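This report concerns only the one structure given below.
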Amino acid sequence: MANHKSSIKRIRSNDAKRLRNRYQAKTMRNAVKELRTEEVKATATEKLPKVIAMVDKLAKKNVIHKNKAANLKSKLTKKVNGLKAKAK
């Protein structure tokens, strides 16, 4: 167990940050998964900027690595651009 007041506070704040980071990372993974399974180009094009912004924020806060963020954004953009527009 920690002996100093500051280290006890640090443990508390680290736990809070860990939970927040886990929640945000899981939310991002769900958004990426949802975008990958999207078949309609119009809705995928609509969702892409929101997902990219989410990925960028997590990379900026070091929740995910910046190269992982770049790879995700690249692959998602290629996937959305490769979708065919459905005829009505």
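Might you report the magnitude of the Cβ-based charge dipole of the chain about its Cα centre, with Lys and Arg at +1 and Asp and Glu at -1, to the nearest 20 debye?
On the way: 27 positive and 6 negative charges, 48 e Å.
Taking the Cα centre of the chain as origin, the dipole is about 240 debye.
Excluding same-chain residues fewer than 8 positions from K79, which aspartates and glutamates have a Cα within less than 20 Å of its Cα?
E34, E38, E39, E46, D56
Count neighbours as other Cβ atoms within 10 Å of each site's Cβ, and list the GluC sites (Glu not before Pro) in the stretch 1-81 that are DSSP loop with at most 12 such neighbours.
Sites meeting the loop and neighbour criteria: E39.
What residues of the stretch 37-74 lie in the reach of a label at L83, counting those whose backbone N is under 14 Å from a point 7 Å from the Cα along Cα→Cβ?
Correct set: 37-52.
Quote the FRET efficiency, to the nearest 0.05, computed for N21 versus A53 with a Förster distance R0 of 25 Å and r equal to the Cβ-Cβ distance.
Computed FRET efficiency for N21 and A53: 0.90.
Just to confirm a number: summing +1 for Lys and Arg and -1 for Asp and Glu over residues other than V80 whose beta-carbon lies under 9 angstrom from that of V80, what do you get?
+3
Can you show me the helix-derived [θ] at 222 nm for the chain, built from DSSP H runs with n ≥ 4 at -39,500 (n - 2.57) apiece and divided by the number of residues, rounded to the nearest 500.
The helix-only estimate for the chain comes to -27500 deg cm²/dmol at 222 nm.
Among G82, N14, V40, whose Cα lies farthest out toward the positive end of the dipole of the chain, if unit charges sit on the beta carbon of Lys, Arg (+1) and Asp, Glu (-1)?
N14
When only alpha-carbon atoms count, how far does the chain stretch along each of its three principal axes, as whole angstroms with the largest first?
In descending order, the Cα extents are 67, 22, 15 Å.
Each value in this text was obtained by applying a stated rule to the coordinates, not by laboratory testing. Nothing here was measured: the structure is a model prediction, and the numbers come from that model. Because the Cβ atoms are built from the backbone with ideal geometry, glycine has one as well, and the counts that use them run over all protein chains shown.
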